[in-house]
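The values are calculated or read from the model by the stated rules, or taken from the named source; none is laboratory data. In this text the structure is predicted, and so the values were computed from the model without any measurement. When we count neighbours, we look across all protein chains shown, and the Cβ atoms used for this are built from the backbone with ideal geometry, even at glycine. Areas reflect the complete protein model, heavy atoms only, side chains present, ligands, DNA and RNA absent. Shrake-Rupley method; radii C 1.70, N 1.55, O 1.52, S 1.80 Å.
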Amino acid sequence: MSTALTGGCLCGAIRYTISAPITQLRACHCKNCQKSSGGAGTVNAVVPSDVFKITKGAPNRYDDRATHSGRVLSRHFCAACGSPIYSQRNPNPGFVVVRAGTLDDSSAMKITTNIWTASARPWAYIDPASECLPGNPPLPPPAR
């Protein structure tokens, strides 16, 4: 891929690049994602940490310790407009979870997996053709 993907917050104070292709999106329906988004959950691109770079601004961080999985999840957002930008587990497993709605162009992407469907709102749309998991997916193998 010769061109990096770009994205940022609503007000433009935070900008980032992703220097790898995104092949799939994952929707999370956990209660914490519902609360942090104010909607049915979040739609995310899971990308290796080393291909995600903040190019403008510095997001604020909230360490979510009340996750159902028991893991600490750092949620990074714009302090000026409140846009959620990405989240990252602690300790860092080698990937970040970027909010797909912050990408400048996600028109070629599709939700392929839905997680935490056991806690999905009754009005949330979940494509029956997608992979559906009642909780968290297993962690990917560590980066080498």
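Quick check: residue separation of A58 and T23 times 0.36 nm, minus the Cα distance between them. What number comes out in nm?
Between A58 and T23, full extension yields 9.9 nm more.
The share of accessible area on the chain that comes from carbon and sulfur is 55 percent, using a 1.4 angstrom probe. For the chain, the alpha carbon positions stretch 37, 33, 31 Å along the principal axes, listed from largest to smallest. Rolling a 1.4 angstrom probe over the protein heavy atoms with all chains in place gives the chain an accessible area of 56 Å² per residue. For the pair D105 and N92, label points projected 7 Å from Cα toward Cβ lie 2.9 nm apart.
Close amide H pairs (under 5 Å, H built 1.01 Å from N) link Y86 with H76, R99, residues at least 5 positions away or on another chain. Excluding same-chain neighbours fewer than eight residues apart, the lysines reachable from K56 by a Cα-Cα span under 29 Å are K35, K110.
Gain in length, K31 to R65, computed as 0.36 nm per residue apart minus the alpha-carbon separation, to one decimal in nm?
10.9 nm
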